[in-house]
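See structure below.
Quick note: the coordinates plus some simple rules give every number you see, no bench work behind them. Please read these numbers as outputs of a predicted model, since none were measured by experiment. As a convention, Cβ positions derive from the backbone with ideal geometry for all residues, glycine included, and neighbour counts pool all protein chains shown.
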């Protein structure tokens, strides 16, 4: 899953006051997550690969034991735990999410996802029937994404010490071509593209929890993005960076990108694709769709003159039908994301401080 | 971690009655674990690699997208969740265990462990200070084992929906030589070796929980086995199989081996290395050390005439000082492990049905 709570992509902000205990917001993908990673994890694990803060780690494996930059040995490696609640929701379930989340982290790093592992932490008393449904759903998701689940583990914790089921998936992919996709690559003049409507997953989970119904059916957008990414990279090998804006939403992804590349980003509010149901729900719940999680969307940064042809290609793919250019990279206000509305007003889109929607993935 | 709840090594027993809910025993590494894996996971995920039931999956990664047996591309891949309670215990903590467990699964598959990922599920309210200690301990364990932690994730669940901290580690190793270690390889005439005293980890955890004190200090044996394995494979390239007897203990490992290789195993009770403190604790608690978890021990199966020289080599390594031949592989009673005592009596050492010590790792 891509968000600021991934060690490999968190932006470490300025030091903050010491939080004595873990807060729900530490898992939000926002500023608190970045804070925890920056204060606790990076100081210990800050090796070269981890500190690069990318979505998936890129590793070289040389059977002769020597360091190598040989692209033939470049593999991508990423992990995520899934604790979404409820386990089943319109458009998906925790199993599907666990497969797609890891497949997508590999895909947006430019790698072809190949193998997954899955580790289950089950709560004593969890029913076998939903477990079976989740496992079946994972199998189907693996088949659809073209990956093989090759190893796994199961642990059981006593009743009241877990919450039905948590799943951790880890993925291995291979970099077939020597691409250099990185959130450090954005440059002024680049365009920012989103592959479709934003906020669908987060609002689906939220409204399922709260029992809110919409006039039109709303579903999670959970989907494997590797096919779309492949079509995009073929059409536009000069893509600078890709990310899937999950926990913390589009705003977190763009803030991390702006910080990592030391550039400003200007978003055009009118161009943001948002479903009417998501729009209404956000108004009702007081949420901003820019902060709501997506599970089958990606953000791409490309040279400005390549944006429109790429969007055309994306729109021909089922998962890119609503693709749109939503902003541009500028040299002004580095490390800052700004949203410009229809009448020319603008506001800063900052990293969310705490927790908006806990356990969204 | 090696145990029957790993998908990749579970032996699927004959069908049993349907358990409607997850039981603590489903995480025991014994018969119930194998049952769950056999009934729920394997039917869905039963691809070629997963069905081989090995400790770590062996994968081939060919950048040209073709299937290959080229050993240059053979990597090992394994995952485990850690839910041990208490988090800190004599000789280690959950972080150390999480690193060693995955390093050891790679090592006993014959691979050199290279890279780890770590995914944390934190309970809201967990203190930052122990989290920091755990992370530091993981860093030290990684350094000692010569592996790099390169990617990670953090999720937070609401208070009462987790238990302080769960850690899932996933590891990648490389097969430098074309070895064929497998639990399917044992043959009559082979010897069974254990690298040291058994039951230390399980009894340490149990006595820490119960507040039992011993006259002599007892510590968990948690340790990275890759150095010992390297020395062993160099001295004896004909080793048939290795396993680390964690959850479910030596008995689970040997039962899986006997089933997979369709051979019988005869253990010699007098030769089992057991510390006096472990022996007394087992008597007091009514436990059998053969079923108690180890976290820094391995079982090796080697051709009979290679056993003594190999044990000599092992004893020169700090983690193999108490290495001993504990039994032999026979053609009689296939798929069955038998323990022979000093006066010639014998009993069947079966797979433990349920849960002996929950949350031991």
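For the stretch A:145-159, the set of residues classified as at the interface with chain B (Cβ under 7 Å from one of its Cβ atoms) and farther than 18 Å from residue B:168 by Cβ consists of A:148, A:158, listed by residue number. In the stretch B:105-130, the qualifying residues are those that are out of contact with any helix residue (DSSP H, G or I) (no Cβ under 9 Å at 6 or more places or on another chain) and free of Cβ contacts under 8 Å to residues at least 12 places away in the same chain, and the one that is farthest from the other protein chains (Cβ to nearest Cβ) is B:129.
Take residue A:284 and decide whether it is in contact (Cβ under 8 Å) with a residue 40 or more places away in the chain and buried (at least 20 other Cβ atoms within 10 Å of the Cβ). Answer is no for this residue.
Within the stretch B:230-255, the residues that satisfy the criterion of being over 14 Å from the mean Cα position of the chain (by Cα) and either in a helix (DSSP H, G or I) or without any contact (Cβ under 8 Å) to a residue 24 or more places away in the chain (or both) are B:230, B:231, B:232, B:233, B:234, B:235. Of all residues in the stretch B:206-218, those that are part of a loop (DSSP other than H, G, I, E, B), in contact (Cβ under 8 Å) with a residue 60 or more places away in the chain and out of contact with any helix residue (DSSP H, G or I) (no Cβ under 6 Å at 6 or more places or on another chain) total 3. Close contacts from the stretch A:333-361, counting a first residue that is on the phi > 0 side of the Ramachandran plot and a second that is not in a loop (DSSP other than H, G, I, E, B), with Cβ to Cβ under 7 Å and a gap of 6+ residues or different chains, come to A:333/A:264; A:335/A:258; A:335/A:259; A:359/B:157.
The number of residues in the stretch B:160-185 being facing chain A (nearest Cβ under 7 Å) and buried (at least 19 other Cβ atoms within 10 Å of the Cβ) comes to 8.
Screening the stretch B:131-144 for residues that are under 16 Å from residue B:103 (Cα atoms) and buried (at least 23 other Cβ atoms within 10 Å of the Cβ) and picking the one that is farthest from the other protein chains (Cβ to nearest Cβ) gives B:141.
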